[in-house]
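Participant: Please find one structure pasted underneath; my questions will follow.
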Protein chains: 2
Amino acid sequence: MSALKNVLDELRKISYLNGAEALLSWDQETYMPEGAGTARSNQIAYLSTLTHNTMVGGVMKKNLAELVDLETGDIRDESLPEMEQRRVKEIWRDYHHAAALPADFVEEFSKHSSMSQQLWVKARKANDFEMFRPSLEKTLAFKHREIGYLGAMDTPYDTLLDEYEPHMTSAKVTVLFDEIRARLVPLIKDIQAVKERVDNQLLRQNYPVAQQWDFGVDMLKVMGFDLKYGRQDKSAHPFTTSTYPTDVRVTTRLHENDLKSALLSTLHEGGHGLYEQGLPVEEADNPFGQAISLGIHESQSRLWENLVGLNRHFWTFAYPKLKAYFPTQLDGVAVDKFYKAINCVQPSLIRVEADEATYNLHIMVRYEIEKLLINENYPVSKLPELWDDKMEEYLGIRPDKNANGVLQDVHWSFGAIGYFPTYTLGNLYSAMWFNQAQIEIPGLDEKLAAGDLMPLRNWLKEKIHRHGRSKSAAELVKEITGQELSAQPFLDYLEKKYRGIYGL
Amino acid sequence: MSALKNVLDELRKISYLNGAEALLSWDQETYMPEGAGTARSNQIAYLSTLTHNTMVGGVMKKNLAELVDLETGDIRDESLPEMEQRRVKEIWRDYHHAAALPADFVEEFSKHSSMSQQLWVKARKANDFEMFRPSLEKTLAFKHREIGYLGAMDTPYDTLLDEYEPHMTSAKVTVLFDEIRARLVPLIKDIQAVKERVDNQLLRQNYPVAQQWDFGVDMLKVMGFDLKYGRQDKSAHPFTTSTYPTDVRVTTRLHENDLKSALLSTLHEGGHGLYEQGLPVEEADNPFGQAISLGIHESQSRLWENLVGLNRHFWTFAYPKLKAYFPTQLDGVAVDKFYKAINCVQPSLIRVEADEATYNLHIMVRYEIEKLLINENYPVSKLPELWDDKMEEYLGIRPDKNANGVLQDVHWSFGAIGYFPTYTLGNLYSAMWFNQAQIEIPGLDEKLAAGDLMPLRNWLKEKIHRHGRSKSAAELVKEITGQELSAQPFLDYLEKKYRGIYGL
């Protein structure tokens, strides 16, 4: 077992480096002085290089080679217990990915991404796609090199998808997305045809941010987010990070004239945060203490944001609490009216502001474009038109400008292509989890209505969090639900809920 | 020059690691969740190990050896320009220190210090010296090993002193301290004999912390502390740190019933912060971009805290601003009364609460005890009695308990022996700087009275900050003042000021 011990020692070093890098990045988005950007990029880049070098270094290579075939990942030491074999396989997966990418490629691409992201900020502000185009073209060239190093899977795009959602294929995603589209588009059309609009203007009154913050913290506590091992701060874009399972940090943003934004982002990031806090701390330095995939991570945030945070039972408990913070603004607003307001469905241009139904159409637009860019070398110059056409096709609205269209998301600017589908996969997983939780937790609705969220949180920890990467996403779904991943639970949930709200 | 380039490349890596480590430590004292301590210690320890390994690693050793004799520090490459030779000498100084300490000693001592510091917190709280004694004895054993590795200078204690104040000797310190004692003890006696006491109770009213904070930030801005490249936060013990000259962080603590504490700590840390921000960013990764010594660093904090912050002219400007924050509390209090209150001299038990005159006697007590411990193996078991005797001898008061005596400071708990003298050295330097600034900045008093502090800040940057470690402390003193380091300017300043305030 000494080879395994040596491998785990190397991973411990990587874990410490990752923790430090996470804090540097967290600080960059929360407290870092404006003028510290260049030095910070250099510090982060150097830690990344150290991490990469440790992962592919001589000690790791020599010891891992005693355990697996470094080319194929086949276990060499068959005497290892099955769980240890799994652990080694996951370590090998990370090793193999890192080793496939030459150090100079990693460094070059890291520098390009950083600059490209800064350029994107300017281009979006200036509503100038041409300013950003050459950089995006260069990003795509890097991505093609990356695929070359890693090897194309079923399609070149699948290689990228696999980095965010291991073992997922675009063939499977397409089937799922087609199913979603087939049922979602008519549902949204039906909703739009309803003459009596849901009034969500009540969410747009003046809501002082200090009270919004306090209510959010109350909700984090109710969810079981442990402030002894975590904290919440403010940032321009909400995110969750972890320097260790004992130090999990969520952020939110507060807008004085928008009650829904901070509320849902706090629940969303809180969901991510619970996953990170629920990972087994004794495995923190190896894959068994790490999240399975972005899709599974997103299933946790979506579950708390949507299945709980947009749930009528939950608001039986939460609405009086909210009203205590905003007695004037919500004076005379009954819980049902509030519930309808936060569940207003309306096609819109900006993904991050979309409701839970139309949101998935935004993802499909991006998914189709990503495949065209990667698998068919679709010309970047035609991207704005393609984007607008797809938006019109899927959501029935056409962006007024590129800043509200193809330039709206940060992801492509730093090379995150293949990432978007995991958002919708997260929605699909989340509905499957919630259905199963309904079966396994007696009286879950009543518990939500009483503000007793710990049974749900404990169920998620027991079923999902504590396993880290010791199971694949597909195994997890199968074990928990007895089913394969399917869009049906999510679509059933949406249809039932929104046909109810809109009286269809 | 390629050897030098390679050395500087290694130092750049160390700089990035140090920046990351500084942020991890800053966060530990400001925002880190309570439960994250163990992981954080491991992360910091690992980065320290990487730093040490890089400093004494093969690349550094091979390239530095082309430039200097690694044993003696004698320059080998005489073709280097003089300034580059100086730079190389300073790099060698750091290398030689790191290389002298075996890696296992560094790691062992690092673990011991961490535990010892935690034990000290408990022992102080319990007022139990015996609880702490064995740990302090072990610390001293480590220090003796350290001296063995580094080599004893004039005395064993000088080796430790040199780590904090390079090129300073205990022989010089003793001469300076004797001079201070000879003039300060009678001055303090004279002050104590004055019947009409200075009223400092007005500083002990209720001062809401939010306004204290705002006034402190106003003062940081007036001093020229640049919030684009720095920030202030709260912590239990005020400190200054820097992840890079573009990211300098000061902290303060706020007490609702103590106006002086936060005020002076903000000016003090602001002074440290200005030094860090004034270091040349283009040299940030090598000694020319680093502070000379703790004494010189402390001269910057003391200058702003005492020479400015306790200066009558400064309060002509600042008092109306302060009064605007606290109109009720300071109602009817004239500026002269306030000035006297913040300058109240009174022997007391706790160093960090001492006034600027008696403060130095606290340092002398520690200095003498440190020398006894290191040079004469004075028994640790007798330390409480020795402490109390010295306090009585120097300050005329005897601690009521060890928590207010020998257990009050954190320094010895983590092995910082030889550190204390730099506090008083800082006072001596600061008076010399301020005298020279008075000569070189026309109308400095009027400028302070008008709140125009930038000429002073720019003078300090020009004369001190921008040079980093390209000059030694002694060279700096000589170049700026034309004199050797002397206690006379500081003592003249104290006598003139306090004889005035107390009408002696």
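Rule-based calculations on the coordinates, nothing more; no lab input. Fair warning: this is a prediction, and the values are worked out from it, not measured in the lab. Here Cβ is always computed from backbone atoms with ideal geometry, including for glycine, and neighbour counts include all displayed protein chains.
Participant: Could you check how many percent of all C-alpha pairs in chain A are farther apart than 46 Å?
Facilitator: Tail fraction, whole percent: 10.
Participant: How high is the FRET efficiency from A:VAL175 to B:LYS228, r the C-beta distance, R0 41 Å, rounded to 0.05?
Facilitator: Taking R0 as 41 Å, the efficiency between A:VAL175 and B:LYS228 is 0.20.
Participant: Which GluC sites (Glu not before Pro) does segment B:179-279 hold that lie in a coil by DSSP with at most 12 other beta carbons within 10 Å?
Facilitator: The qualifying sites are B:GLU196, B:GLU256.
Participant: Using Cα positions and a limit of under 29 Å, work out the lysines in reach of A:LYS62, with same-chain residues fewer than 8 apart set aside.
Facilitator: Result set, ordered by chain and number: A:LYS5, A:LYS13, A:LYS89, A:LYS471, B:LYS13, B:LYS61, B:LYS62.
Participant: Could you work out, residue by residue across B:20-29, how many beta carbons of other chains sit within 10 Å of that residue's beta carbon, and then give the average as an integer?
Facilitator: 4
Participant: Run through the other copies and list how far each one's label point is from that of A:ASP199, in nm with one decimal, shortest first; the point sits 7 Å from Cα along Cα-Cβ.
Facilitator: Between copies, matching label points for A:ASP199 lie 6.1 nm apart.
Participant: Calculate for the protein assembly as shown the 222 nm mean residue ellipticity that helices alone would give, adding -39,500 (n - 2.57) per DSSP H run of length 4 or more and normalising by residue count, nearest 500 deg cm²/dmol.
Facilitator: It lands at -20500 deg cm²/dmol.
Participant: Tilt of helix B:37-55 relative to the longest C-alpha principal axis of chain B, in degrees (0 to 90, nearest 10)?
Facilitator: It works out to around 50 degrees.
Participant: Taking amide H atoms as placed 1.01 Å from N in the peptide plane, list the residues 5 or more away in sequence, or in a different chain, whose amide H sits under 5 Å from that of A:ASP233.
Facilitator: A:VAL250, A:THR251, A:THR252
Participant: If one computes P(r) from the Cα atoms of segment B:430-504, what percent of pairs lie at distances over 20 Å?
Facilitator: 41
Participant: Further, regarding this structure: Just to be sure I understand the model, the point goes 7 Å from the Cα along the line to the Cβ. What's the resulting B:GLU130 to A:ALA103 distance in nm?
Facilitator: 5.7
Participant: Between chains B and A there is a rotation axis; tell me the chain B residue with the nearest beta carbon and how many whole Å away it sits.
Facilitator: Minimum Cβ distance to the axis, with residue: B:ALA20, 2.
Participant: At a threshold of 8 angstrom on Cα-Cα distance, excluding pairs fewer than six apart, so keeping six or more, what relative contact order does chain B reach in percent?
Facilitator: Relative contact order of chain B: 19 percent.
Participant: Taking every DSSP beta bridge with both residues inside segment B:180-311, roughly what % is antiparallel (nearest 5)?
Facilitator: 50
Participant: When 1/r is averaged over all different Cα pairs and the result inverted, which Kirkwood radius in Å belongs to segment A:2-153?
Facilitator: After inverting the pairwise mean of 1/r, the radius is 17.7 Å.
Participant: While we're here: Please give the contour-minus-distance gain from A:GLU376 to A:GLN192: 0.36 nm per residue of separation, less the Cα-Cα distance, rounded to one decimal in nm.
Facilitator: Result: 62.7 nm gained on full extension.
Participant: State the percent of C-alpha pairs, over all pairs in the protein assembly as shown, separated by a distance greater than 60 angstrom.
Facilitator: So the portion of pairs separated by more than 60 Å is 18 percent.
Participant: For chain A, find the longest principal axis of its Cα atoms and tell me its angle to the long axis of helix A:170-193, 0 to 90°, nearest 10.
Facilitator: Between the helix axis and the principal axis of chain A, the angle is about 10 degrees.
Participant: Considering amide H positions built from the backbone, and no H for Pro or chain starts, which residues 5 or more places from A:THR243, or on another chain, come under 5 Å of its amide H?
Facilitator: Amide H neighbours of A:THR243: A:ARG249.
Participant: Still on this model: May I ask you to list the residues of segment A:181-219 whose amide nitrogen lies under 20 Å from a point 7 Å from Cα along the Cα→beta-carbon direction of A:GLU393?
Facilitator: A:181-189
Participant: So which GluC sites (Glu not before Pro) in segment A:313-421 end up in coil per DSSP with only 14 or fewer other C-beta atoms within 10 Å?
Facilitator: A:GLU376
Participant: I would also like to ask the following. Per residue of segment A:83-89, in order, report the coupling 6.51 cos²θ - 1.76 cosθ + 1.60 (Karplus, θ = phi - 60°) as ³J(HN,Hα) in whole Hz, putting x for Gly and Pro.
Facilitator: 5, 5, 4, 5, 4, 4, 4
Participant: Compute the projected area of the convex hull of the Cα atoms of segment A:234-288, averaged over all viewing directions, and report it in nm² to one decimal place.
Facilitator: For segment A:234-288, the mean projected area of the Cα convex hull comes to 3.9 nm².
Participant: Between copies, how far apart are the A:VAL281 label points? List them in nm, one decimal, shortest first, with each point 7 Å from Cα toward Cβ, please?
Facilitator: Going from nearest to farthest copy, the values are 4.0 nm.
Participant: Gain in length, A:THR30 to A:GLU475, computed as 0.36 nm per residue apart minus the alpha-carbon separation, to one decimal in nm?
Facilitator: 156.5 nm
Participant: Could you check the spin-label model distance between B:GLU256 and B:ASN53? Points 7 Å from the Cα along Cα→Cβ, value in nm.
Facilitator: 5.0
Participant: Around A:GLU256, what is the net charge, scoring Lys/Arg as +1 and Asp/Glu as -1 over all other residues with Cβ under 14 Å from its Cβ?
Facilitator: +3
Participant: Right, something else. Answer rounded, prolate or oblate for segment B:212-348, using the Cα gyration tensor with square roots of eigenvalues a ≥ b ≥ c: rounded when a/c is under 1.5, else prolate when a/b is larger than b/c, else oblate.
Facilitator: prolate
Participant: Further question: Out of the GluC sites (Glu not before Pro) in segment A:465-495, which ones are loop residues according to DSSP with at most 16 other C-beta atoms within 10 Å?
Facilitator: A:GLU484
Participant: Nearest 10 degrees is fine. How inclined is helix B:421-440 to the longest principal axis of chain B, computing both from alpha carbons?
Facilitator: Relative to chain B, helix B:421-440 is tipped by roughly 70 degrees.
Participant: Round to the nearest 0.05 the FRET efficiency obtained for A:VAL333 and A:GLU353 when R0 = 25 Å and r is the Cβ-Cβ distance.
Facilitator: The calculated FRET efficiency here is 0.70.
Participant: Partner chain Cβ atoms within 10 Å, averaged over the residues of A:245-255 - can you pull that number for me?
Facilitator: Mean shielding by partner chains, rounded to a whole number: 3.
Participant: For segment A:349-366, just list the computed ³J(HN,Hα) in residue order, Karplus coefficients 6.51, -1.76 and 1.60, θ = phi - 60°, integers in Hz, with x standing in for Gly and Pro.
Facilitator: My calculation for segment A:349-366 gives 7, 9, 3, 5, 9, 6, 6, 5, 7, 5, 3, 5, 6, 4, 5, 4, 3, 5 Hz in order.
Participant: Could you give the nm distance between label points at B:ILE441 and B:ARG93, where each point is 7 Å from its Cα heading toward the beta carbon?
Facilitator: 2.7
Participant: In addition: Per residue of B:225-232, what is the mean number of Cβ atoms on other protein chains within 10 angstrom of that residue's Cβ?
Facilitator: Mean shielding count: 3.
Participant: Related question: Can you run phi through the Karplus equation (6.51, -1.76, 1.60; θ = phi - 60°) for segment B:325-331 and list ³J(HN,Hα) in whole Hz, with x for Gly and Pro?
Facilitator: The phi angles translate into 7, 10, x, 6, 4, 9, 4 Hz.
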